[in-house]
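Read the figures in this text as sums done on the coordinates, not as results from a lab. Source: prediction; values computed, not measured. Cβ atoms come from the backbone with ideal geometry, glycine included; neighbour counts cover every protein chain shown.
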Amino acid sequence: MSAERRLAGVPASPGLAAGPARHWTAATALDAARVEPPERPAAVVEANTALQTAAAEVEALAAGLNEADAEILITGVLMAADPTLLAGVERAILDQGLSAAAAILSSTEEQAALLDSLGDEMLAARASDVRSLGHRAARLASGGSDGPASRPTEGIIVAHDLGPADVAELGTAISAIALASGGITGHAAIVARSLGIPMVVGVGAALLALPEGAEVIVDGDAGAVLADPEVGHFEAARSASAARQQATQQAKAMSSLPAVTRDGVRVVVLANVAGAAEVEAALGAGAEGVGLLRTELSFLDRSSWPTALDHRLFFEPILAPLEGRTATVRLLDFGGDKTPPFLSGQHGRGIDILLRHPGALRDQLSAMLAAGRGTHLHVLVPMVYEVRQLRAVRAALTESAAAAGVPVPLLGAMIEVPAAVTLADQVVREVDFLSIGTNDLTALQLGLDRAEPGAKPAHHPAVLRLIDTVCRAAHAVGVTVAVCGESASDPTAMPLLLGLGVDELSVGSSRVGRVRAWVRAVDHAEATALAGLALLAESAQDVEKLVEPLRTALLAS
Ligand code: PEP
Ligand code: MG
């Protein structure tokens, strides 16, 4: 008799995986960490060393910045190294019994809150630097620059909740993720899907009661975790994991084959990423570079705007491996379901919000220009709906590039609001490239909730007609068109996109190999003819019928 128990959740990233449950302890749990009395003096030394090391790391980063930015960083470092802070850390360890990491977090937070409360914008910005340095030092104090020592690096990650940045850091070495909560925002799921890691969310508290190391199955398609699985189920899930690994190996083996259609049309295949692990996976599978770096996902839990230092720490590991390649960095796309606490109640989304905070825009631009020096940097503007927004960004970009002493990067607009399509003839005159965000464009065009599973028929003729309009307007003035929404790796939509004239596809890193193989299996002339018919279809279902034979051929390629 099997004792298999099914813990139901919500599917977040497809795939089946089996392995030992590894419990993740979030960094915030450090707050509760305490040390025994005889170890306290050692904890004080540990905390001081961690703060000094973190300060030295930040100073090293500052060395690569222009004078104004470097000065800002160093001011933050000096404040964090203030004797009052060091005394506070010592008291927190000796009097309250906190661990080195917890004492650093609580004392830097105290100092940051004080700076925040003084009502001075400059000092409030320094508060964020103090917090950022505190997090860095706390991570060092608890076991190294890669995070708390308790952080698992393999197996099935089991946690209450995880942010997108956590998933990005975990990378492809883990087998799957199961979260007790986490049903609210899908952004950790975007990263998991991009990395090809199966994920189930909303499983409930029973998940956290699973013993460490217990063998479990995560079914990312059905949205369930199986505890004490039957042998047959366990073996099936293990084979699925092995097949996924084999597909990754195959993509690597084919990475040097060109992405050219059967009739000789070259298609640029780039990757959508939010962290360094995705960059590594994408380049290994033959991506030519990054077509969409989502920059906001790492800052969704923030209580203030990310500082230039925060951005620099985020960009460095992602952009370094992209030297000599395309690195398309999207400006912060806050708003909607990506609203961090400090923006709660603000209206608008994407560039609309950012333009109301010019200092925040400057901080992000200067950090990306510094960290992206060796790359072919492209700057992408989210949720554009009128040309005024693009002109404002170009002015800020030109100014920041002059201050950094680097050439002005290419500027592109995301086409994801139907208004930008209506005004496409104006938009194309302001940019060097376009990238169509079919996730938002489809939802906004069809009045659907993009969070709803399956609610993204980008192959609906009403969406295809928008894409057609954009391609025509862009190509009339020699501007390239990319698609970075999920449709670029959908076997129904992808050939239609090529047929409509899309030049570049940017896809989740785990799908790069597959999409490159599909490009080689497509005949561009056939895709163009199909796209022409699809534009005249009356529904998404009609389009599906049209594309079915080609879709089947692609899936078999
Ligand atoms: C899109 O809307 O298609 C897109 C790529 O942007 P995001 O999914 O980050 O909103
Ligand atoms: Mg979007």
Any chance you could run the full-extension gain for S303 through T552? It's 0.36 nm times the residue separation minus the Cα-Cα distance, nm to one decimal.
-> 84.8 nm
So, with points 7 Å from each Cα along the Cβ direction, the A209-D449 label distance in nm works out to 3.0 nm
Would you mind ranking W24, W305 so that the residue whose beta carbon has the fewest other beta carbons within 10 Å leads the list?
-> W24, W305
Determine the shape class of the range 189-303: with a ≥ b ≥ c the square roots of the Cα gyration tensor eigenvalues, call it rounded for a/c under 1.5, and otherwise prolate if a/b is greater than b/c, oblate otherwise.
-> oblate
Identify the residues of the range 508-545 with backbone N under 20 Å of a label point that sits 7 angstrom from the Cα of H475 along the Cα-to-Cβ direction, or state none.
-> 519-537
Name the residues of the range 263-301 whose amide N is less than 11 Å from a point 7 angstrom out from the Cα of S344 along the C-beta direction?
-> none
Positive-end residue of A395, L377, A521, charge dipole of the chain with Cβ unit charges = A521
Remind me, relative contact order of the range 254-556 in percent, using alpha carbon pairs under 8 angstrom and six or more residues apart?
-> 20 percent
Tell me, in nm to one decimal, what length is gained between R388 and D228 on full extension, where the rule is 0.36 nm per residue of separation less the Cα-Cα distance?
-> 51.8 nm
What length, rounded to one decimal in nm, is gained on full extension from D161 through to H357, with 0.36 nm per residue of separation minus their alpha-carbon distance?
-> 67.6 nm
Indicate the gyration tensor shape class of the chain (rounded, prolate or oblate), computed on the Cα atoms with a ≥ b ≥ c the square roots of the eigenvalues: a/c under 1.5 is rounded; otherwise a/b larger than b/c is prolate and the rest oblate.
-> oblate
At a Förster radius of 56 Å, what calculated FRET efficiency corresponds to the Cβ-Cβ distance of T398 and A529, to the nearest 0.05?
-> 0.85
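With a ≥ b ≥ c taken as the square roots of the eigenvalues of the C-alpha gyration tensor of the range 254-556, please select rounded if a/c is under 1.5 and otherwise prolate if a/b is larger than b/c or oblate if it is not?
prolate
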GluC sites (Glu not before Pro) restricted to the range 269-333 and DSSP loop, no more than 12 other C-beta within 10 Å = E323
Compute the separation of the alpha-carbon centres of the range 185-224 and the range 280-300 and state it in Å as a whole number.
-> 22 Å
Given the rule -39500 (n - 2.57) for each run of at least 4 DSSP H residues, summed and divided by the residues of the chain, what is its mean residue ellipticity at 222 nm, to the nearest 500 deg cm²/dmol?
-> -15000 deg cm²/dmol
Percent RCO, i.e. relative contact order, over the chain, from Cα pairs under 8 Å lying at least 6 residues apart | 14 percent
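Rounded to the nearest 5, what is the percent of antiparallel bridges among the DSSP beta bridges in the range 254-556?
5 percent
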Per-residue Cβ neighbour rank within 10 angstrom, fewest leading, C471, C484 = C471, C484
Tally the DSSP beta bridges in the chain and give the antiparallel ones as a percent, rounded to 5.
-> 35 percent
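Neighbour counts of other C-beta atoms within 10 Å: give me K252, K338, K545 arranged from fewest to most.
K545, K252, K338
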Just tell me, in residue order, which DSSP H segments of the chain are both 24 angstrom or longer along the helix axis (alpha-carbon based) and at least -0.5 in mean Kyte-Doolittle hydropathy.
-> 40-62, 100-117, 121-141, 387-404
For the range 377-496: relative contact order, % (alpha-carbon pairs under 8 angstrom, 6 or more apart) | 25 percent
